Each structure stands twice: as C-alpha cells, then as structure tokens.
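Participant: Just dropping this structure here.
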Amino acid sequence: GYGGQGRPGTSVIRTSVAWAYNANVPKYPFDVAKSGAPLDEAGYPKNTQGERMALRLVYDPANSAANRASEVVAQQLKGVGLNVKLVPLERSLMLEKVFKQYDFDLYIHNYTSYGDPALGIGRIYTCDNIRPAPFVNVERYCNPKVDELFAKGGAVASQAERSKPYREVQEILMKDLPTIPLVEYGDTNVARA
C-alpha cells in the first residue's frame, strides 16, 4: 500500500531511523480469537448479535494516510465484535474535537519522526504534553520512566548513546500500547534547482 512506500508499523520509531529503531519489541500478529480474550476477561462479551460495544473512530478524510487505514481498522475490529462507526471530520473540526475536547473513542492520524525521535515522537507520549493542543499526547498516557528515557535520548550527543534509551522506551510503549503503529510509509519529495 501507500504507493509502494508502505510497510507494517512495528514500533513507535520507524525503521528508517535505524540508529534508534528497536526490532525486538512485543509483536501483535493478526489473531481475532486472541484479540477477543482480553475483552471477555474485562467484562465485554459479545451479545447475541456478536457485538461487544460501539466505538467512534475519528479521522480527517482529506488525510490519505488516515482515510484508507480507518476503513481497514473498522473492518478488522468488526471481527473482534467491535462496532466501529467511522466519523470523518474536516481538519479544523477534527483538531478541536480530538485534541481539545477529547471527543473520540479511537483516532487515526499519521505522525512523523523528522528523522529524530526527539523531534517528533517524544511529544506524543510524555506527561508534560497532556494538554489541549494539536499533535501532542492525545491518549493522555503518562509514564515517568518513558519521560525519563525520552529526556535521556534527547540530552546526549552521540547516536550510540542516544540509541539505548530510545530502544528501551520502544519496549515499554509497545507493551503498554497507548498507541498502535499501523503502517510506516515514506513521503517522496521532488525538487529542482
């Protein structure tokens, strides 16, 4: 998908940031039966219609990365018994509803690392970024150890030293799953002198 530029998202830091990427994080292969078990245990069994609950999935329909992914996610969650209603919202309304009012159940959007986790990834997970503003910690996840690791990764000079805290933070985030990476894709930019 994504014009031949996409690959499955396997961690919160993309593979193209090879010095920081950690391939040895928890993996979650597609398994409908296994996915339903925690919901059963949490008290959300399927009803007679085969549904557990209804959820609203908010996305910006003008965002091509989120548009198709929303349809796929809704279809896949249906197999687990989740009735997902797609809620396309124009960008300015989406930013207001999602990031300022927290008026959503699920949300799909693309983020970028700008080639460095200190610039684009830490802002999504650190406690001090739980605030009503666009493209920050909208899931309101707070883990002081994650904050410490992102701070450490951004504070040292060499990539070799920086990679250690970033690799560790990925293990925590892919275990806790405040967000779920779906796909990573590359943007192609063309320029001429």
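The values are calculated or read from the model by the stated rules, or taken from the named source; none is laboratory data. What you see is a predicted model, and the numbers here were worked out from it, not measured in a lab. Counting neighbours? That spans all protein chains shown, and the Cβs are built from the backbone with ideal geometry, glycine included. Ligands, DNA and RNA are excluded from the accessible area calculation, which covers all protein heavy atoms including side chains. Shrake-Rupley method; radii C 1.70, N 1.55, O 1.52, S 1.80 Å.
Participant: Considering every residue within the stretch 118-128, establish whether at least one is without any contact (Cβ under 8 Å) to a residue 60 or more places away in the chain, of a type in the set (Ser, Thr, Tyr) and out of contact with any Leu (no Cβ under 6 Å at 6 or more places or on another chain).
Facilitator: Yes: one or more hits.
Participant: I would also like to ask the following. Residue by residue through the stretch 38-71, note down the ones that are under 22 Å from the mean Cα position of the chain (by Cα), within 15 Å of Leu82 (Cβ to Cβ) and among the small types (Gly, Ala, Ser).
Facilitator: Ala54, Ser70
Participant: Still on this structure, please answer the following. What are the residues in the stretch 99-108 that are under 27 Å from Pro144 (Cβ atoms) and either touching a His at 6+ places or on another chain (Cβ under 6 Å) or surrounded by 21 or more Cβ atoms within 10 Å (Cβ to Cβ) (or both), if any?
Facilitator: Hit for the stretch 99-108 is Tyr107, nothing else.
Participant: Could you list all residues from the stretch 109-132 that are open to solvent by less than 20 Å² (accessible area, probe 1.4 Å) and either at pLDDT below 95 or closer than 17 Å to Glu184 by Cα (or both)?
Facilitator: Within the stretch 109-132, Ser113, Pro117, Gly120, Ile121, Gly122, Ile124 qualify.
Participant: Can I ask one more? Counting just the residues of the stretch 24-36 that are open to solvent by 40 Å² or more (accessible area, probe 1.4 Å) and outside any loop (DSSP other than H, G, I, E, B), which one comes out modelled with the lowest pLDDT?
Facilitator: Among residues in the stretch 24-36 that are open to solvent by 40 Å² or more (accessible area, probe 1.4 Å) and outside any loop (DSSP other than H, G, I, E, B), the one modelled with the lowest pLDDT is Ala33.
Participant: Among the residues of the stretch 39-81, which ones are in a strand (DSSP E or B), in contact with a Lys or Arg (Cβ under 8 Å, 6 or more places away or on another chain) and in contact (Cβ under 8 Å) with a residue 40 or more places away in the chain?
Facilitator: Listed by number, the residues that qualify are Leu55, Arg56, Leu57, Val58.
Participant: Another question, then. Which one of the conditions (1) open to solvent by less than 40 Å² (accessible area, probe 1.4 Å); (2) part of a loop (DSSP other than H, G, I, E, B); (3) basic (Lys, Arg) does Arg162 fail to meet, given that it meets all the rest?
Facilitator: (2)
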